[in-house]
Number of protein chains: 4
Amino acid sequence: MSNLQEPIFDVAQLAHVEILSPKPEETVKFFNQFLGMEVSEVSGQSVYLRAYEDFYHHTLKVTESREAGLGHVAWRTSSPNALERRVNAIKAAGLGRGWIEGDHGHGEAYQFTTPDGHLMELLWDVEYFRATEDKKTELLNRPQKRPDRGVPVRRLDHVNLMAADAGTSAKFMMETLGFRLREQIVDDAGTILGSWISVSNLAHDIAIMHDPSGIRGRFHHICYWYGVPQNLYDIAELLKDNDIFIEAGPKKHGISQAFCLYVYEPGGNRVELFGDAGYLIFDPTWEPVVWNVRDVPGKGDVWIGGELPESFWTYGTPAQVVKTAETQP
Amino acid sequence: MSNLQEPIFDVAQLAHVEILSPKPEETVKFFNQFLGMEVSEVSGQSVYLRAYEDFYHHTLKVTESREAGLGHVAWRTSSPNALERRVNAIKAAGLGRGWIEGDHGHGEAYQFTTPDGHLMELLWDVEYFRATEDKKTELLNRPQKRPDRGVPVRRLDHVNLMAADAGTSAKFMMETLGFRLREQIVDDAGTILGSWISVSNLAHDIAIMHDPSGIRGRFHHICYWYGVPQNLYDIAELLKDNDIFIEAGPKKHGISQAFCLYVYEPGGNRVELFGDAGYLIFDPTWEPVVWNVRDVPGKGDVWIGGELPESFWTYGTPAQVVKTAETQP
Amino acid sequence: MSNLQEPIFDVAQLAHVEILSPKPEETVKFFNQFLGMEVSEVSGQSVYLRAYEDFYHHTLKVTESREAGLGHVAWRTSSPNALERRVNAIKAAGLGRGWIEGDHGHGEAYQFTTPDGHLMELLWDVEYFRATEDKKTELLNRPQKRPDRGVPVRRLDHVNLMAADAGTSAKFMMETLGFRLREQIVDDAGTILGSWISVSNLAHDIAIMHDPSGIRGRFHHICYWYGVPQNLYDIAELLKDNDIFIEAGPKKHGISQAFCLYVYEPGGNRVELFGDAGYLIFDPTWEPVVWNVRDVPGKGDVWIGGELPESFWTYGTPAQVVKTAETQP
Amino acid sequence: MSNLQEPIFDVAQLAHVEILSPKPEETVKFFNQFLGMEVSEVSGQSVYLRAYEDFYHHTLKVTESREAGLGHVAWRTSSPNALERRVNAIKAAGLGRGWIEGDHGHGEAYQFTTPDGHLMELLWDVEYFRATEDKKTELLNRPQKRPDRGVPVRRLDHVNLMAADAGTSAKFMMETLGFRLREQIVDDAGTILGSWISVSNLAHDIAIMHDPSGIRGRFHHICYWYGVPQNLYDIAELLKDNDIFIEAGPKKHGISQAFCLYVYEPGGNRVELFGDAGYLIFDPTWEPVVWNVRDVPGKGDVWIGGELPESFWTYGTPAQVVKTAETQP
C-alpha cells in the first residue's frame, strides 16, 4: 500500500480570528456584554477576547481600523513536525509570507495568504487561559464559570470568507493544508460557488464562498457556538431590543444542518451564532455533498425556517461603499 | 524533531456495535418503534439496524443470545495502510484473534480483544446505505427522510464498557490504537476507575469503567444521539408510557457535559440517549481532565439534574443473577 | 357599585372546530399520522379527532366537501345558565340560527353566525374521552398515553377567521359573548384589520382578520399546541420530507409572542402549530395592545425570525380559484 | 336553572407576594442579578421587584426580617364589585383582618388570613409599571426590554404554602374566594395532603401542602416563569457556579406537568422556576385529579427526571432551627 493514499492530519484546529472594526469600542461591547465574552488583554489598538469555554488566551482579536474586515485567521497544527511540513508545503505553493515572533497568547507563527489574499497564520505554541480564583468552576472540563452577562457563547466554531475565485482558494486549503471537502455549491457550468471544508469532525472549520463583487479577500463571518438551539432565541431577543441588526434566523441550514443566526456587529462585520453545529463527519472516505445552486434556495441555504436574504450572498467586509446603505437597513 | 512526538490518527471512528439479547423481538421493537431506527437486514439470529443519519449499512446488530451483553465493537480505520499498521500493533500486543471475511455491511475485519476480554474488530471496507426512492430526502447530507415513528435518534455516538481492570484496557486502546485520554476518574490510591477516550473530536468514542463485580468483559451501554436536548423529554415520555425502565435522566453530565438519558432496553442492556454530545475537543495537546472519585457525585457524574443512582456504577450485562432483581425494578 | 361594570364570564372555552376538505382521507392522514392525533369516530362524511391531551370526545371534525373551508366553531359555556344568557344575547343581536339536537361528542347546541357569516355553536353538554386499558397512562392529568406516531400535538389552542368586515365580527364576539380584546391591528384611518380576543387567559381563543378579497366567511387557520418550542422543528422536518407545504416558521410572533409554524394540510386549509402559546393575560383591566399596521412587518407579525409572507394576509379557505395556484407553490 | 350552580369569578389573579429575609441584600442580589428582575422601589426595610414581563409596579416585595418566611400574598379581584363580595364572604368566614390604605404599587387592600394563619390581601386598585425611554421595547405587549443580566424570568407564576391542616386552608380558598380544585394528594384515610387550586386557566395559582412539622403558616415557595424549558438549564448552570443551593430539577412534574427547578435563595426561602407551566385547564366542569400519596413518588411528584428529595416535603420557612443544618447542605 502506498503512502500517497494517506490523509493529512497536520492542521488540528481553528485557533483564533482577528477582525477589523471602525468602531472598536462598540464592537468589543457587543462581544463582551451581549455575547458574554471575556476580555483577556488590551494592547495597542487591539482587544483580545475568548468565549467562556475557549481554552486558549483568546479566540478573537478586535483591531481598530478604518474599515471593517478580516485581520487574519490562525490555525494550530497537530504537532511541531506537522507545522514544519505544512510550512514547507505553503512555501512550495508560493503563498508564504514568513515567520512572525508571535503575539499575545501564542509564540512564533508562519504567515501566508490564500490565493484570494486573506491573511492566515499557522502556529503550534499557544498560551492557555488560567482562571483566577473567583472565576474557577467545579466543572473541571470548563475553563471558567459561566458569565452572568448577556447570553454567553461557549466557543469559537468556524470562519467564513468570500473570494473572487472561491474554488481556487478552497483547493489551496485542501491540497496544501489537508482540509477535506464536506459540502459544495456549484453551478451548471461546474463553477465552485462555495466550499465547506474541515480538518475536524465539524462539517466545516472554514467556508469559502463566491464574492459576486469581484473584490478579493473579503470577510463573510465568524461563528461562535452555543450548543443549545433555544439560546438563539434568547440572544436574538436581547440583540433586537438593543438595535443590533439581525440579518437572518434563527433557522436550520441545509448545508451543515447547523441551527444559525446572523447579525452584524456594530463595526459592520457579520457574526454567526450556532445553536447547534449540525451533523458531524467521522467517515474517512466522506463523499462530498454537492448542491447545484438552483437547489440552494429553501433547501441548501435553509432547510427549516425559510430562505436566506440576498444580502447573505453579497454583503461582506470591507463593504462596498455604494452597497452598504442598501444592504444594511 | 522526532516522529515519536507524532500522534496516531489511524482509527477514524466507531463503526458499529453488536449487542446480545435474550428477547430479540422486543429489543428490535424498542429500537425500531420507539427510537425510530431502520432495519437494514435480518439474517440468522441477527437483525441489523441504523439510525436515520447513519451513513453505513448498520450501526447496530442485535443477536439473539441466552444472556444480554456485548457481541462486539467495530472500529473503522483512516485508510487501508492505517488498518495494516494497527493490526500489526495489536499482534505485537498479543491480543489479536485473526481476520474474518466480513459480515453484512462490511468486508474483511481483524478481530481482537481488550485486555478485559471484550471482542472488537478493526475494518476498512464498508457498505453504504442507499435510500430507496420513497425514503430519499432533498436534504442532501442526510441519507434518508426523518422517520415518522417514535422519537427517532440520528446517529450512533459511542459505546461504554465495564472492565475488572479498567485502567489496563483503556491503556491498551490508547497505546495500541491511538485513542487519546480526555477525562478520567481516579481514587486516592491512583487507581483508574474510568477513562473517557476518543479518536475523534468527541469527548469520548468509548468509555471504560471499573466493574466492581470483578466480572470481566461486561457491557455498560451503547449511546445514540439526537443533537436536540429537548428530544430527551419526548422520548422519556414515550418510553415511560410503554413500560421501558428509565434508570436516570434527562440530566447534564459533568464528565463530557453531555445531556443524557439512561434506559434499559427490554433485553436488559443499558442504552444511553444523547440530547447533545457536550463539548468537543480540538486541542492537539489536550490536558486530560482528572476527577477524584470523591468529586464525582453531583459534579462529575451529573452537573445539572442531581446524582446518578448506584445502579449506574454496578449494573452491566450480562447481569449477575443475584443482583438483577434488586437492580432493575 | 353597578353590575354594568362586571365582566361577562359566560363562555368558558373553544370546544371544537369543523373543517371542510375536498381530500378528506389525506387530511385525516395528516392529522393522524404526522400530528399524532387520534380518531374518535367516523360517521357519514365526517371523521372526529382529538389531540392526546384533549379531554373531550373530539376537538376537530373533518367533513368531506367540494371546497376547503370552515364547517363551524363550537364554544362551551361556563354553566347551563350561562348558555341560556348567551343564547338570549345572540337572539337579541339577530344572529341566532336555532338549536340542534347535538352531534357525536356533545348534546344540544345553539347555532348562530358571526356578522361575517361564519357558523358557530354554543353548547354546555359534552362527552368526555375515556381511554381504553391499553391507552391509559399513570400520568393522571393526561387522558391517554403519548402516541408514538409523528410529532404528536397536545391540545387544541385557537381558531383564526377572515372577515370582509373584521371589526364588526370581533365587536359581536366581545359584546354578545363576552370576549375581551387583547391585541389589535388598525390602519391610520382607524379601520380594524385584526383582533385577537379571548375568554380565557390565552392572548386569543380566536382571532378575526381582515380579508382583502372581500369574500365573507372564510377560514384562516386552526391551531394545535405542543407547549415545547423545539417540537416545531421536529414536526417541520417531518412535514417537509413528506411534501406538506410550509408557509412560514418556526418563528416567534410579536402579537401574542407565540412560537408558531404555519402549514397547509392536504385539503388546503391552513394549520398553525404552537411551540408555546406566548404570554398569558391575568389582568382584569387589560389595556388592549394596538398595533398600527405599519409596525406589523418584522415586529407585530414576527418578533424573532423575519416577516410573514404576503400569502399569510391573503390566503384563506375556500381559496379563490385564480389565486390558489399562485399562492400555494 | 338556579344561580347556585354558577361558578365564582371574583378573584382574577395572584398580584404579588412578600417574602421575609434575614439576608435582604443577598436575597435582592439573587433576584436582580441572577433572575434578572428589576428593582421598582426601595422603601424602609423593603425592596420591591418585578420580572420584565410583569405589568404591575411589583410582584415581589422582599422585607428584612429575623427569619425567612412569608410576608403576605396579594390577590387582585375581577372588579370593584367582586372585591366587595369577597370581603363580605371573608368576614362571614370570620377570617378578616380589616382594610389597609395601601402600599407602594397599589391602593387599599383587605387583609385576612387563611385558617392556617398565612397573611393575605385582596385588592382592586393597582399601579402599572411604565418603562423609561431607555427601557421601552418595540414589542408592544411587553412592558420593557429583556434585561441583559443573568437568565431573566418573565413573570410571577404562583405561590405554594405549607399548612398544618392543608385541607382546611384549601377549602377556605375554594369556598370563600372561588378557587377551583385542579389536583390533590390524599392518603388512604382520605386526609388531604396537598391541593393545587386556581382562579385562572393555570393548573394552580396557589398550592397548599401538608406541613409534617405541625408548624402553622409556613412558606413553601414562590414561582417565576420562563416559558422556555431550556432556560432552566441556563439558570441552573449560573446558580450552581455561584453557590446557590439547587434542591431539585430541572424535572417535569406529574402534578401540573410543569417543568421545574427548585433552589433556595440566600435568605433561605425556596424559589421555583418554571420552564413551562404545564397544561392549562379550560373545562368549566373539570374533574379534580386525585393522587393517592403512594402514587406520588416517580409519578405525581416527578413524571420525567426522578423523584423529589425528602426535603421538598419537609423544608419550609421559617425553617425549624434543628432541621436547617441537616436539610440545606
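Numerical summary
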| read-out | value |
| --- | --- |
| Which numbered condition A:ALA203 misses (of (1) crowded, with 21+ Cβ neighbours inside 10 Å; (2) within 14 Å of chain D (Cβ to nearest Cβ); (3) touching an Asp or Glu at 6+ places or on another chain (Cβ under 9 Å)) | (2) |
| Yes/no for A:THR176 being open to solvent by less than 30 Å² (accessible area, probe 1.4 Å) and at pLDDT 95 or above | yes |
| Residue match in region D:3-14 (condition: under 17 Å from the mean Cα position of the chain (by Cα), within 10 Å of chain C (Cβ to nearest Cβ) and assigned to a loop (DSSP other than H, G, I, E, B)) | no |
| Identity of the residue in region D:249-277, open to solvent by 10 Å² or more (accessible area, probe 1.4 Å) and of a type in the set (Lys, Arg), that ends up farthest from D:TRP303 (Cα to Cα) | D:LYS251 |
| Test result for A:ALA89, crowded, with 21+ Cβ neighbours inside 10 Å, in contact (Cβ under 8 Å) with a residue 12 or more places away in the chain and of a type in the set (Gly, Ala, Ser) | no |
| Hey, B:VAL47 buried (at least 21 other Cβ atoms within 10 Å of the Cβ) and either assigned to a helix (DSSP H, G or I) or in contact with a Lys or Arg (Cβ under 6 Å, 6 or more places away or on another chain) (or both) or not | no |
| Qualifying residue in region A:138-156 (condition: closer than 22 Å to A:ILE208 by Cβ and open to solvent by 50 Å² or more (accessible area, probe 1.4 Å)) | no |
| Selection from region C:107-126 of residues that are open to solvent by 20 Å² or more (accessible area, probe 1.4 Å), under 20 Å from the mean Cα position of the chain (by Cα) and within 13 Å of another protein chain (Cβ to nearest Cβ) | C:TRP124, C:VAL126 |
| Among residues of region D:232-247, those that are open to solvent by less than 10 Å² (accessible area, probe 1.4 Å) and under 26 Å from B:ASP241 (Cβ atoms), counted | 1 |
| Hits in region B:25-41 - residues which are in contact with a Pro (Cβ under 8 Å, 6 or more places away or on another chain) and part of a helix (DSSP H, G or I) | B:GLU26, B:THR27, B:LYS29, B:PHE30 |
| All strands (runs of 3 or more DSSP E) inside region A:97-214 with 1 or more residues being closer than 28 Å to B:ALA277 by Cα and not acidic (Asp, Glu) | A:155-163, A:180-186, A:192-198, A:206-210 |
| Total residues in region B:249-273, condition under 30 Å from B:PRO7 (Cα atoms) and in contact with a Pro (Cβ under 9 Å, 6 or more places away or on another chain) | 1 |
| Flag if B:GLN13 is in contact with a Gly (Cβ under 8 Å, 6 or more places away or on another chain) and at pLDDT 95 or above | no |
| From the options A:GLY96, A:GLY71, residue that is touching a Ser or Thr at 6+ places or on another chain (Cβ under 7 Å) and either in contact (Cβ under 8 Å) with a residue 60 or more places away in the chain or farther than 29 Å from B:ARG85 by Cα (or both) | A:GLY71 |
| Meets criteria (under 19 Å from the mean Cα position of the chain (by Cα), in contact (Cβ under 8 Å) with a residue 40 or more places away in the chain and buried (at least 19 other Cβ atoms within 10 Å of the Cβ)) for B:SER40 | no |
| Residue match in region C:50-64 (condition: at negative phi, open to solvent by 40 Å² or more (accessible area, probe 1.4 Å) and away from chain D (no Cβ under 13 Å)) | yes |
| From the options C:ASN81, C:ASN141, residue that is farther than 30 Å from C:ASP241 by Cβ, polar (S, T, N, Q), within 14 Å of chain B (Cβ to nearest Cβ) and more than 18 Å from the chain's Cα centre (by Cα) | C:ASN141 |
| Restricting region B:15-41 to residues that are touching a helix residue (DSSP H, G or I) at 6+ places or on another chain (Cβ under 7 Å) and among the hydrophobic types (A, V, I, L, M, F, W, C), the residue that is farthest from the other protein chains (Cβ to nearest Cβ) | B:VAL39 |
| Residue pairs meeting the criteria (Cβ under 9 Å; at least 6 apart or on separate chains; first at negative phi, in region D:158-174; second among the acidic types (Asp, Glu) and assigned to a strand (DSSP E or B)) | D:HIS158/D:GLU272; D:ASN160/D:GLU272 |
| Meets criteria (surrounded by 20 or more Cβ atoms within 10 Å (Cβ to Cβ) and either over 30 Å from D:ASP295 (Cβ atoms) or under 20 Å from the mean Cα position of the chain (by Cα) (or both)) for D:ARG97 | no |
| Region A:204-238, residues that are touching a helix residue (DSSP H, G or I) at 6+ places or on another chain (Cβ under 8 Å) and either free of Cβ contacts under 8 Å to residues at least 12 places away in the same chain or within 17 Å of A:LYS252 (Cα to Cα) (or both) | A:HIS204, A:TYR226, A:VAL228, A:PRO229, A:GLN230, A:ASN231, A:ASP234, A:ILE235 |
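Table: residues versus (1) without any contact (Cβ under 8 Å) to a residue 60 or more places away in the chain; (2) within 20 Å of C:ALA248 (Cα to Cα); (3) surrounded by 22 or more Cβ atoms within 10 Å (Cβ to Cβ).
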{"site": "A:TYR279", "(1), (2), (3)": "no, no, no"}
{"site": "A:PRO284", "(1), (2), (3)": "no, no, no"}
{"site": "A:GLU287", "(1), (2), (3)": "yes, no, no"}
{"site": "A:GLY300", "(1), (2), (3)": "no, yes, yes"}
{"site": "A:ILE304", "(1), (2), (3)": "yes, yes, yes"}
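The values are calculated or read from the model by the stated rules, or taken from the named source; none is laboratory data. Being a predicted model, the structure only gives us computed values, none of them experimental. Here Cβ is always computed from backbone atoms with ideal geometry, including for glycine, and neighbour counts include all displayed protein chains. Side chains included, ligands, DNA and RNA excluded: accessible areas come from the protein's heavy atoms. Shrake-Rupley method; radii C 1.70, N 1.55, O 1.52, S 1.80 Å.
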